[in-house]
1. Among the residues of the range 164-183 satisfying the criterion of being under 20 Å from Tyr235 (Cα atoms) and modelled with pLDDT of 95 or more, which is surrounded by the most Cβ atoms within 10 Å (Cβ to Cβ)?
2. Any residue at all in the range 76-83 that's assigned to a loop (DSSP other than H, G, I, E, B), hydrophobic (A, V, I, L, M, F, W, C) and within 23 Å of Ile207 (Cβ to Cβ)?
3. For the range 262-297, give me the residue count where each residue is closer than 29 Å to Val227 by Cα and not in a strand (DSSP E or B).
4. How many residues are small (Gly, Ala, Ser) and open to solvent by 60 Å² or more (accessible area, probe 1.4 Å) if we restrict to the range 4-20?
5. Among Ala280, Ala247, which is aliphatic (A, V, I, L, M), over 20 Å from the mean Cα position of the chain (by Cα) and closer than 29 Å to Tyr70 by Cβ?
6. Looking at this structure, is Gly48 out of contact with any His (no Cβ under 6 Å at 6 or more places or on another chain), more than 17 Å from Ala238 (Cα to Cα) and without any contact (Cβ under 8 Å) to a residue 40 or more places away in the chain?
7. Restricting to the range 55-94, what's the tally of residues that are over 15 Å from Ile40 (Cα atoms) and within 15 Å of ligand 2 (Cβ to nearest atom)?
Amino acid sequence: MTEHDYNKLKEAGKVSSEALAYSRSVIKPGRKLIDIAEEIEKFIEDKGFSQSFPVNLSRNEEAAHYTPEYSDSRVVGDKDVIKVDLGARHGTYLTDCAATVCMDGEYSKLIEASEKALENAISLVKAGRKINEIGKEIERTAKSYGYSTIKNLGGHGIEEHELHAGIFIPNFDNGDNTELEEDAVIAIEPFLTTGGGYVVDGDSLQIFQGVSEKMPRSAEAREALSVITGTFSTYPFAMRWLIKRMAEEFRARKAIAELITIGDLDTFPVLTEKSGGIVAQSEKTLLVRKDSCDIIT
Ligand code: MN
Ligand code: MN
């Protein structure tokens, strides 16, 4: 990685960790989730950065991919366990980080365990480290606290332009002995749960990503495609972002349905813990070095 690339990534990483700290001050019981998400996104934009993806505020048994809907009326509950997952983007340089906050103390041990799992995993990161050894350590830590890890979610490589690129870093020993490469950017993200440890697609779908520019038939879908390619590019976006940029809500929703049908969009439905377990997540972006790693977020 060139010095220039490294500096851009470091700047984005600094803003991401500041945004995560800021999110703790705005998540309060009774507050609307949409206000919180917009405040965090504004925090990142006010620093001159874009979003790697819409701010995720997945709650309780939701593990990932819940970002508030357009005119979402939901509020933070008194007992909610909320995963804040966000990333500042500097041009094509993406970062990704997450922390879990709880409104009462009931699941603070679960959160502590996910943070410890991340810390222990980070201590193993260096060039040549096998990725199943990282997963094994995450699961060992989770079990030492009495929790399961989520087997079908994990960390990943990050490349310029692409948030999920190359390797998948498991949260258990999946036998994959691929080695980490020096200078690779990766995200490690233990998901721990009181449940069985698998996520399934939920009903809500709020996050999309442009993957093709095949021209749709209808006027509204053409307008949406032009917003997507012109504003969101190939990075994930939220339905509420698109609705704000189009004249009417129903046109945006109709357009999205058409663009999905013709294959222009990837979709990221909310992922829910199958057995209804509460989920905590901790995540950081790292740069792999010869004997250790740099913490980017
Ligand atoms: Mn990630
Ligand atoms: Mn993330």
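The values are calculated or read from the model by the stated rules, or taken from the named source; none is laboratory data. Computed from a prediction, not measured in an experiment: that's the story for all the values here. Because the Cβ atoms are built from the backbone with ideal geometry, glycine has one as well, and the counts that use them run over all protein chains shown. Protein only, heavy atoms only, side chains kept; ligands, DNA and RNA dropped before computing areas. Shrake-Rupley method; radii C 1.70, N 1.55, O 1.52, S 1.80 Å.
1. Per the criteria, the residue is Ile167.
2. yes
3. Within the range 262-297, residues that are closer than 29 Å to Val227 by Cα and not in a strand (DSSP E or B) number 3.
4. 0
5. Ala247
6. Considered against the rule, which asks whether it is out of contact with any His (no Cβ under 6 Å at 6 or more places or on another chain), more than 17 Å from Ala238 (Cα to Cα) and without any contact (Cβ under 8 Å) to a residue 40 or more places away in the chain, Gly48 comes out as yes.
7. Going through the range 55-94 one residue at a time, the tally reaches 5.
One line per residue, one yes/no per condition, for (1) surrounded by fewer than 22 Cβ atoms within 10 Å (Cβ to Cβ); (2) more than 16 Å from ligand 1 (Cβ to nearest atom); (3) basic (Lys, Arg); (4) not assigned by TED's automatic domain parsing to the domain that holds Glu11:
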residue	(1), (2), (3), (4)
Leu33	no, yes, no, no
Ser50	yes, yes, no, no
Val55	no, no, no, no
Asp72	yes, yes, no, no
Val76	yes, yes, no, no
Gly91	yes, yes, no, no
Cys97	no, no, no, no
Cys102	yes, yes, no, no
Glu112	yes, yes, no, no
